[in-house]
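These notes concern the structure reproduced below.
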Amino acid sequence: MKHSINDLALFGGRPAFDSVRPISNLLRPDIERFLNYTESIYHSNQSYCDGGLVQQMEGRFAQLHGTKHCISFCSGFMALMVAMHVCALPGKTEVVMPSLPYRRMGDIAAWTGLIPHFCDVDKVSLGMTSESAAKAVNENTALILGVHPITNLCDIDGLEALSQEYNIPLVFDAVEAAYAEHNGKMVGSYGKAEGFSFHASKLLNGFEGGYLTTNDGFLAEELRCVRNFGFAGNNSNMVRIGLNANLSELHAAMAMACLDILPEHIEQNRARHNAWQKILAELPSLTLLLYSDTERRGYKNVLVRCEDSWPLSRDNTLRILHAENMLARPLYNPPLHQSSREFSTACSSDMSVTEEVTMKYILLPSGEFVSVEDISIMGSVLSFLHQNAVEINSRIERQNR
């Protein structure tokens, strides 16, 4: 408990937590469940990639998303890179994407030889829309990358209509929508392909890895070919340029161990999110972005908007929380169109919404290393900051002189 501002860790007090409370999901299944999967790897003659466990895992994830094909990769980065490489229109140079995605999304496009063309986002959903994407589409557009925001979804229907209107391929980055549905259908079968991640910070932890889902059998074979050195069939026929991007059996074991407990994990995420919702209802200066209450969601992230009435700057709020071992993070700050990079980019003329919202949002701690009791403590810290903001701001100003 904080009784005076001297109790804040930033000013020399004891932190609210002895160890870090992160924003990452960090799901850990029971060790025995994981080891049961690895035993089959040990006793098989193929422990590296594309063995029985990887194929079993791909089948289960195709079933989860309601798609015909799941193609796994060594990382979500590599999965999206291969999807861009295979799906982009030949002879074209640009990929339309929002400026508020994963921090290295522009790099993914650059590795494929494409130029990221950044578009604005919707103020409410924080996702790109067909209207904002259309402003970036031109004669050089090779691909549209529909990126689902940190909560809920981007404009799936509008982007699919835009893709059909201009005959431009559409790929979705669905990393933050791994357990979401749209119009009663699971995310995974929209566009030409959708990309997901097994990074430990994501909904399902495979240590590392990623996958693509699609209903296009020909595309699925192309993706597998590129993933596996460019070999087709029985690995004796090299048909195109390829990569060593296969997922290992060990990563598949971890991913399936997490998939086994996914329903229970979703309920735990929901409980944490509900706890935050209850606490933040008492702090109207911090607005929680709510998930859909009519369709499936993973409830992994806790994102709040600092309203104009929040009495501390966003950056000072983060400094204080970090000192308390509350590892809150800004939302994709700076946006990609304002970030330094070593490759060419293009940008829509109006990025006003992106530039406004990037300074207002904070991701609060959640995931397996955060309990409901922890959230109660964090709520009391935020309430203390709100009540004592004048004195806190004065102390910070003196420190900065």
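Remarks
- Against the numbered list (1) in contact with a strand residue (DSSP E or B) (Cβ under 9 Å, 6 or more places away or on another chain); (2) within 30 Å of S339 (Cα to Cα), L26 comes up short only at (1).
- Of all residues in region 66-75, at least one satisfies being surrounded by fewer than 16 Cβ atoms within 10 Å (Cβ to Cβ) and in contact (Cβ under 8 Å) with a residue 60 or more places away in the chain.
- Whichever residue in region 20-61 is in contact with a Gly (Cβ under 8 Å, 6 or more places away or on another chain) and small (G, A, S) and, among such residues, is nearest to S197 (Cα to Cα): S24
- Some residue of region 15-23 being of a type in the set (S, T, Y), modelled with pLDDT under 95 and in a loop (DSSP other than H, G, I, E, B): no
- Taking region 305-398 and the helices (runs of 4 or more DSSP H) fully enclosed by it, the elements with 2 or more residues that are within 30 Å of L27 (Cα to Cα) are at 314-323, 372-387.
- Of the residues making up region 87-103, those that are surrounded by fewer than 23 Cβ atoms within 10 Å (Cβ to Cβ) and in contact with a Cys (Cβ under 9 Å, 6 or more places away or on another chain) number 0.
- Exclusive hit being of a type in the set (F, W, Y) and not assigned by TED's automatic domain parsing to the domain that holds N215, set F73, F61, F17: F17
- The selection criterion, being modelled with pLDDT of 80 or more, over 25 Å from V370 (Cα atoms) and not acidic (D, E), holds for S40.
- Test: residue in region 43-63 that is within 22 Å of S248 (Cβ to Cβ), modelled with pLDDT under 95 and out of contact with any helix residue (DSSP H, G or I) (no Cβ under 9 Å at 6 or more places or on another chain): yes
- From the list C87, C74, the one residue that fits, being touching a Pro at 6+ places or on another chain (Cβ under 8 Å) and at pLDDT 95 or above, is C87.
- Within region 196-229, the set of residues being assigned to a helix (DSSP H, G or I), under 29 Å from P29 (Cβ atoms) and of a type in the set (D, E, K, R) comprises R224, R227.
- Qualifying position, being out of contact with any Cys (no Cβ under 6 Å at 6 or more places or on another chain) and closer than 30 Å to V96 by Cβ, among L382, L363: L363
- Scan region 244-298 for residues that are in a loop (DSSP other than H, G, I, E, B) and crowded, with 17+ Cβ neighbours inside 10 Å and the total you get is 9.
- Region 107-131: number of residues that are of a type in the set (G, A, S) and crowded, with 24+ Cβ neighbours inside 10 Å: 2
Conditions (1) crowded, with 23+ Cβ neighbours inside 10 Å; (2) closer than 21 Å to D260 by Cα, marked per residue:
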{"residue": "Y190", "(1), (2)": "yes, no"}
{"residue": "G195", "(1), (2)": "yes, yes"}
{"residue": "S201", "(1), (2)": "no, yes"}
{"residue": "G217", "(1), (2)": "no, no"}
{"residue": "F231", "(1), (2)": "no, no"}
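- I41 meets the conditions (1) in a helix (DSSP H, G or I); (2) among the β-branched types (V, I, T); (3) crowded, with 20+ Cβ neighbours inside 10 Å in every case but one. The failed one is (3).
- When the residues of region 1-14 are filtered to those that are aliphatic (A, V, I, L, M) and at pLDDT 95 or above, the one that is farthest from the chain's Cα centre (by Cα) is I5.
The values are calculated or read from the model by the stated rules, or taken from the named source; none is laboratory data. Note that this is a predicted model, so its numbers are computed, not measured. Cβ coordinates were reconstructed from backbone atoms using ideal geometry, including for glycine residues, and neighbour counts include every protein chain displayed.
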